[in-house]
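**Q** Here it is, the structure in full.
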Amino acid sequence: MTKLESYLQEHREVFEQDLFELLRIPSISASSEARPDVLAAGQWVADRLTGMGLETELISTDGHPIVFAQTPSVANGPTVLVYGHYDVQPPDPLAEWHSPPFEPTVRNGNVVARGATDDKGQMLTHVQSVRAWLATVGKLPIQIKFLIEGEEEVGSRALHHYLPDHTDQLACDVVVISDTSQFGPGMPAITYGLKGIAYFELTLTGAKQDLHSGTFGGAVANPANALTQLLARFIDNQGRVQIPGFYDDVIPVEDRERQNFAALPFDETRFMQRLEVDALAGEVGYTTLERRWVRPTFDINGLTSGYQGEGAKTVLPASASAKFSFRLVPNQDPTKIAAALRAFLQQHCPPGIRLQLAEMHHSPGVVVSLDSPYVHAAATAIHRAFERPPVFIREGGSIPVVTAFRQHLGSDTLLLGWGQDDDNTHGPNEKFSLADYHRGIRASAYLWEELGKISRRG
Ligand code: BES
Ligand code: ZN
């Protein structure tokens, strides 16, 4: 065993305690009340990187701060930008957690806490591996830059503003992100495609205030009725989005890719059992993996209107609202989708209802090239750490900055996920396997070695 490997072995406990510390900080970027906690998490990450001897900055923005740190440049090897996020999604529904979301608890070899896999645990694997290299070898064979932000879960607005003006600071040959999943337990994956997203909030208003539903119902437009009628128009019974032009720019799935997906060991029955559903639903003509990875979708994320308290209340609500999003595939343009949606809503909005559509955030989908020495290095590193070569997959989630990195830095991204797709990300009882945490650290440590064998581009 090399010195580096012994270090990783001996520091398992230290690495876990580090993760638990960060998980105790409730850095919910969507909540304005949590602002000090989001800052504290950013500060924690910056302190950890400083403590390892890295030149580190905690950059304030008009949103949440960005952490930037770097190791010294090296003459020959490539420069790698490690991106991750220290913010998390809101923990609700709170009542469904078996232990408090910000008190990390170990159960069945998993750490359970909001942010365990998404993305504190995964992001820290790269921090720990660099720490191990510095503590044992003293220096890295490549230059590493860390860019860890606090707004990924709400659309990365500050980072999108920061990027175009800091392309020299962030210049790199390749980006590394661990914020995705393996294909299954013991089946590591390199993800080469992510969906984009266009997120909206639609508010409908009717009368000036809530009314008696007997006195006024049937004569005055009901915004909750109108909202359900409008939303029901969005998809037909074939699972096809009905907004004119929605599919215009969708690139059809290639036969070869369909064959690759079909060859993956995906057990649909187990998938249903795990989710406790007795049927799957989606666009007709596509398999479950195709629906999840390469077809655009529509989902309502939240619905609000009328009486939500105990018992019955006969009320005709004055307003109703919905948060919803479209997951987009590469080549679909979120701004075109927003314009088409607006026209569609205006056309179908019933009389007596006023409509307001807020565009919350959007980003396009992305496919990254698999034809590079970096992908080869990543596959080797993963093979060494997980004792199994990775499979190549796409995923349905979004990481908005991946497209921006390509656009502004000209660099492609390696999406190396250590999570599992039953990690309950964004839901109650989020978890991350501690064995995968350590395997991720090991794979990351090997990745720096493998990337060091590639001589710098240009
Ligand atoms: N880690 C996820 C992205 C992800 C999820 C990738 C599932 C692959 C599979 C990330 O933190 C995330 O949830 N992103 C948001 C982005 C959005 C708020 C712009 C998402 O996908 O909902
Ligand atoms: Zn994430």
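**Q** Find the residue count for the stretch 390-403, including only residues that are surrounded by fewer than 22 Cβ atoms within 10 Å (Cβ to Cβ) and more than 15 Å from the chain's Cα centre (by Cα).
**A** Looking only at that region, the number is 2.
**Q** Within the stretch 343-367, can you find the residues that are crowded, with 21+ Cβ neighbours inside 10 Å and either within 18 Å of ASP299 (Cα to Cα) or at pLDDT below 95 (or both)?
**A** HIS362, SER363, PRO364, GLY365
**Q** Continuing with this model, one more query. Quick check on my filter: what residues within the stretch 191-206 are farther than 20 Å from ASP299 by Cβ and surrounded by fewer than 22 Cβ atoms within 10 Å (Cβ to Cβ)?
**A** Of everything in the stretch 191-206, those that are farther than 20 Å from ASP299 by Cβ and surrounded by fewer than 22 Cβ atoms within 10 Å (Cβ to Cβ) turn out to be TYR192, THR205.
**Q** How many residues, within the stretch 359-409, are within 25 Å of ILE66 (Cβ to Cβ) and not aromatic (Phe, Trp, Tyr)?
**A** Residues in the stretch 359-409 being within 25 Å of ILE66 (Cβ to Cβ) and not aromatic (Phe, Trp, Tyr): 23 in total.
**Q** Oh, and also: Just to verify a result, which residue in the stretch 165-187, among those that are of a type in the set (A, V, I, L, M) and within 16 Å of ligand 2 (Cβ to nearest atom), is farthest from GLU450 (Cα to Cα)?
**A** ILE177
**Q** Related question: With respect to GLY121, determine if the residue is closer than 24 Å to GLU430 by Cβ and either within 14 Å of ligand 2 (Cβ to nearest atom) or under 15 Å from the mean Cα position of the chain (by Cα) (or both).
**A** Answer is yes for this residue.
**Q** Of everything in the stretch 79-92, what is at pLDDT 95 or above and more than 16 Å from ligand 2 (Cβ to nearest atom)? Give them in sequence order.
**A** THR79, VAL80, LEU81
Okay, residues lined up against (1) touching a residue at least 40 places away in the same chain (Cβ under 8 Å); (2) crowded, with 17+ Cβ neighbours inside 10 Å; (3) farther than 30 Å from GLY184 by Cβ:
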| site | (1), (2), (3) |
| --- | --- |
| PHE246 | yes, yes, yes |
| GLN259 | no, no, no |
| LEU275 | no, no, no |
| ASP278 | no, no, no |
| ARG292 | yes, yes, no |
| ARG295 | yes, yes, no |
| ALA320 | yes, yes, yes |
| PRO334 | yes, yes, yes |
| LEU341 | yes, yes, yes |
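**Q** Within the stretch 413-457, which residues are touching an Asp or Glu at 6+ places or on another chain (Cβ under 9 Å) and more than 26 Å from VAL111 (Cβ to Cβ)?
**A** Scanning the stretch 413-457 gives LEU451, ILE454, ARG456, ARG457.
**Q** While we're here: Among the strands (runs of 3 or more DSSP E) confined wholly to the stretch 19-121, which include 3 or more residues that are within 16 Å of ligand 1 (Cβ to nearest atom), in contact (Cβ under 8 Å) with a residue 40 or more places away in the chain and touching an Asp or Glu at 6+ places or on another chain (Cβ under 9 Å)?
**A** Filter on the stretch 19-121 gives 79-85.
The values are calculated or read from the model by the stated rules, or taken from the named source; none is laboratory data. Bear in mind that the values here come from a model prediction, so they are computed numbers and not experimental data. Glycine also receives a Cβ, built like all others from the backbone with ideal geometry; neighbour counts cover every protein chain displayed.
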